[in-house]
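These notes concern the structure reproduced below.
The values are calculated or read from the model by the stated rules, or taken from the named source; none is laboratory data. Quick caveat, the model's predicted, so the values are computed rather than measured. Here Cβ is always computed from backbone atoms with ideal geometry, including for glycine, and neighbour counts include all displayed protein chains. To get the accessible areas, we keep the full protein, side chains included, count just its heavy atoms, and leave off ligands, DNA and RNA. Shrake-Rupley method; radii C 1.70, N 1.55, O 1.52, S 1.80 Å.
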Amino acid sequence: MQPIWTPKQAQFIREGNHRWNFKGGATRSGKTYMDFRIVIPSRIRERAGKEGLTVILGVTKATIERNVLEPMRTLYGDELVAYISSDNTVMLFGEKCYALGAEKLSQVSKLRGSSIKYCYGDEVADWSPDVFGLLKSRLDKDYSCFDGTYNPQGPTHWLKEFLDSDADIFSQVYTIDDNPFLPPAFVENLKREYQGTVLYDRYILGLWAAAEGALFTTYPDFTSDETKLHNGIAHVDASYGGSDFTAFTCGRKVGDKIYLYGKLWNRHVDTVVDFISQKTHELRCSPIYMETNADKGYLGREFQRNGEQTRMYNEYQNKFFKIATFLRKWWPNIVFLEGTDRAYISQILSYTEAAEHDDAPDSAACVCRILDRR
């Protein structure tokens with residue numbers, strides 16, 4: 001039986017034949033089902049036998065499996081949609097494709113010097129901008145084509161700048177109401193959940209919106225040079241349960257810039273102590289700073305048992321004042337290391353005085369405060 005397309009999906013089938021084709025906007029709005037059903041198979045078959053690579057890019061290989069390959073396997077079976085092999089390839093409709101993470105430039109080294117005939121991109125707004133820059137230089141054949149999906153973020157995001165450029169782009173914005181097959185009660189519950197927040201504009205209306213009262217409205221720069229962090233310091237903002245996040249930050253001041261690496265977990269700090277110790281050694285960042293207000297030095301003693309140098313302190317500054325003073329002061333001159341969690345950066349870009357979660361901006365501000373005073 002032929003699928004019934006929504007009006008927005010039907011428009012893409014008619015008009016989405018440009019070099020760059022994007023579908024962005026609300027969650028559960030029907031952006032991707034059509035890709036799995038018709039777009040990806042037809043693009044691959046149209047270019048069979050032509051020169052160049054076929055590539056599936058996502059934030060990580062795990063997200064490619066979850067967001068792209070598993071839904072397609074449900075439609076077509078294992079014979080037409082295989083699993084990702086150890087060499088980062090996957091057979092799709094008889095075509096060898098590369099499945100690569102787009103979080104760091106080093107993850108897509110295979111693309112250097114190669115032409116790409118077709119690329120499907122998942123969650124493009126969460127990629128490293130350097131990866132997207134490399135991709136643009138590799139789609140160099142007349143028949144090269146890109147299809148991508150994204151969830152909108154702040155209005156100064158690098159992807160928004162590209163979508164507003166004069167490149168050969170077909171771009172659609174989906175709202176939650178563009179999917180007539182969703183149960184009305186589900187739609188109303190989703191709208192109610194996000195009502196009054198920036199997420200309503202982004203995930204319901206599909207807008208590139210900044211949080212009202214947001215302190216940070218410009219998207220940061222990135223570097224692949226981890227030596228910029230060497231001989232820096234580290235900081236942990238710990239969660240001991242509930243809805244709080246554990247935020248981990250490494251940082252170093254070089255001239256008029258501060259280089260940061262950030263990681264964010266929605267879990268108890270005990271579960272990530274070993275990772276933090278390993279990462280501080282890898283980036284050569286020591287000592288590890290942490291406050292003692294809540295845990296009376298418990299976390300510091302745990303790191304000391306791991307042989308780590310620590311600096312424990314009693315926090316005395318108001319959190320909003322600290323973030324607004326030190327992180328905002330340095331924000332125009334902060335460069336993040338590739339591999340920093342997108343959720344870490346998103347929490348900073350969504351931060352307001354009334355934000356529900358502030359762990360990442362708090363940890364980053366603590367690092368900036370320490371480095372600012374040196």
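Across the cross-link table entries Lys191/Lys263; Lys228/Lys322; Lys296/Lys329, which are compared at the Cα atoms, the separations over 26 Å belong to Lys191/Lys263; Lys296/Lys329. Cross-linked pairs Lys104/Lys136; Lys8/Lys110; Lys31/Lys61; Lys104/Lys160; Lys110/Lys279: Cα-Cα separations exceed 23 Å for Lys8/Lys110; Lys110/Lys279.
The accessible-area ordering, largest first, of the residues Asp126, Asp147 stands as Asp126, Asp147, per a 1.4 angstrom probe. Sorted from greatest to least, the principal axis extents spanned by the alpha carbons of the chain come out as 65, 46, 38 Å. Within the range 1-133, the ratio Rg/Rh, alpha carbon atoms throughout and Rh by Kirkwood, equals 0.94.
Taking each DSSP H run with n ≥ 4 as -39500 (n - 2.57) and averaging over every residue of the chain yields -7500 deg cm²/dmol at 222 nm.
Expressed as a whole percent, the accessible surface of the chain that belongs to carbon and sulfur atoms is 47, based on a 1.4 Å probe.
What are the equivalent ellipsoid semi-axes of the range 225-370, built from the alpha-carbon gyration tensor (square roots of five times its eigenvalues), in whole angstrom, biggest first?
Taking √(5λ) for each Cα gyration eigenvalue gives 20, 19, 14 Å.
The DSSP beta bridges internal to the range 44-203 are antiparallel in roughly 25% of cases. Dividing the convex hull volume of the alpha carbon atoms of the range 244-295 by its residue count gives 101 Å³ per residue.
Per residue, the range 1-62 exposes an accessible area of 47 Å² to a 1.4 Å probe, with every protein chain left in place.
In whole angstrom, how far apart do the alpha carbon centroids of the range 226-304 and the range 94-127 sit? Their Cα centres are 31 Å away from one another. Relative to the 2.2 N^0.38 Å rule of thumb, the range 187-239 has a C-alpha radius of gyration ratio of 1.77.
Surface exposure of the range 242-374, expressed per residue as accessible area with a 1.4 Å probe, stands at 44 Å².
Taking the Cα centre of the range 268-374 as reference, the dipole from Cβ charges on Lys and Arg (+1) and Asp and Glu (-1) amounts to some 520 debye.
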